[in-house]
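Derivation of every value follows stated rules applied to the coordinates shown; laboratory data play no part. Computed from a prediction, not measured in an experiment: that's the story for all the values here. Neighbour counts are summed over all protein chains in view; Cβ atoms, including those assigned to glycine, are modelled from backbone coordinates with ideal geometry.
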Amino acid sequence: MIRVTPRPRSASSSSSAANWNGCFASTAGWWPLASGAEIYAYTDWYLQGYTNFFLYKSREYHTNGNYEGGLKVGYVFPNKDVEVALYARNITDQANLQGGIDFNNRTGFVSDPRVIGVQLSGHL
């Protein structure tokens with residue numbers, strides 16, 4: 001699935017909405033094994049166009065071209081009741097500027113670093 005959402009042009013050019021957002025998600029494969037178990041891989045990506053974080057223009061507090069990706073590889077046991085998966089978020093370990101706070105010290109905040117984990121699911 002691919003979805004790109006452009007922002008409609010309005011009378012206000014100082015809006016803090018992104019000019020466009022894009023989302024891509026795909027199941028790379030769902031492979032059944034002879035034992036009845038299954039292996040799958042899933043990925044998703046988010047892209048963001050030019051975004052100004054405040055009502056005024058500044059060199060520091062805008063972003064253009066943010067992106068983040070995720071990956072999940074899993075194994076479903078033959079009885080289909082238990083699933084174990086390895087996942088990762090922000091697989092490129094990209095530090096994307098997400099926003100800012102402009103009170104006195106002009107603080108910017110960035111995306112989370114790469115996260116890797118294991119998921120165990122039980123299905124009733």
### Charge dipole (debye, nearest 20) of region 70-124; +1 at Cβ of Lys and Arg, -1 at Cβ of Asp and Glu
60 debye
### Message
Suppose every Lys and Arg Cβ carries +1 and every Asp and Glu Cβ carries -1, with no other charges. What dipole size does the chain come out with about its Cα centre, to the nearest 20 debye?
### Response
500 debye
### Task
Assuming a ≥ b ≥ c are the square roots of the Cα gyration tensor eigenvalues, decide whether region 70-114 counts as rounded (a/c under 1.5), prolate (otherwise, with a/b larger than b/c) or oblate.
prolate
#### Entry: the chain - Kirkwood radius from inverse mean 1/r over Cα pairs (Å)
17.2 Å
## Note on the structure
Cβ-Cβ cut-off under 9 Å around G70, Lys and Arg +1, Asp and Glu -1: the net charge is 0
### Task
Mind checking which of T92, N64, A34 is farthest towards the positive end of region 2-122's charge dipole, using Cβ charges of +1 (Lys, Arg) and -1 (Asp, Glu) about the Cα centre?
N64
